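I have placed the structure first, in the form of structure tokens, so that the comments after it can refer back to it.
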Amino acid sequence: MTRKIRSIVIALLLLIVILFLGSRYSWKLCGFRYCIDPSTVYVESVIPGKGCYQIKGNVMDSISSFVGYTYKIEEQNIYIGLKYNTFLGFFKRDSVFDIKIDCDTSGEKYNIYIVDWKNEKLIW
């Protein structure tokens, strides 16, 4: 009996860990599909530097926590998807983002967009 209970407890703990890690990190495998709606994002600054753009901003939702970003560069466009989490962002309870996108800044300026799976917002 105790062996069966121990197996059930271990299985439940393993399931909780898998769900936590899956919800925390698996969104990056889906491109921009699970990124936040760009209309809720406001950008405080876009600073071009040597070989990068530094972008700072926040969202209008004070409950969500910034957990990461993904981006892609196509021609002279940079598409950035921001991921916020309401429940599993307790490691860092802050909605402010400060990201650095590495790219060639010596030529033409890039158009920078905040995107999700169906919307985009030009920020630079």
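Whenever a residue of the stretch 102-124 is free of Cβ contacts under 8 Å to residues at least 12 places away in the same chain, its partners that are hydroxyl-bearing (Ser, Thr, Tyr), lying with C-beta atoms within less than 9 angstrom and at least six residues away or across chains, give the pairs LEU122/TYR113.
Answer yes or no: is there a residue in the stretch 3-22 that is among the basic types (Lys, Arg), closer than 19 Å to ASP116 by Cβ and part of a helix (DSSP H, G or I). For the stretch 3-22, residues among the basic types (Lys, Arg), closer than 19 Å to ASP116 by Cβ and part of a helix (DSSP H, G or I): absent. For the stretch 55-77, residues that are over 15 Å from the mean Cα position of the chain (by Cα) and outside any loop (DSSP other than H, G, I, E, B) total 3. Checked against the criteria, LEU12 does not count as without any contact (Cβ under 8 Å) to a residue 24 or more places away in the chain and surrounded by 11 or more Cβ atoms within 10 Å (Cβ to Cβ).
Would you mention how many residues in the stretch 99-122 are β-branched (Val, Ile, Thr) and under 14 Å from GLN76 (Cα atoms)? Spell out how you get there, then give the answer.
Within the stretch 99-122, the subset β-branched (Val, Ile, Thr) is 99, 101, 105, 112, 114-115.
When the remaining residues are screened for being under 14 Å from GLN76 (Cα atoms), the result is 101, 105, 112.
Of the residues in the stretch 99-122, 3 are β-branched (Val, Ile, Thr) and under 14 Å from GLN76 (Cα atoms).
Computed from the coordinates by the stated procedures, all read-outs in this text should not be read as laboratory data. Treat the numbers as computed from the prediction; the structure is a model and nothing was measured. In this analysis, Cβ positions are derived from the backbone assuming ideal geometry, glycine residues included, and neighbour counts consider all displayed protein chains.
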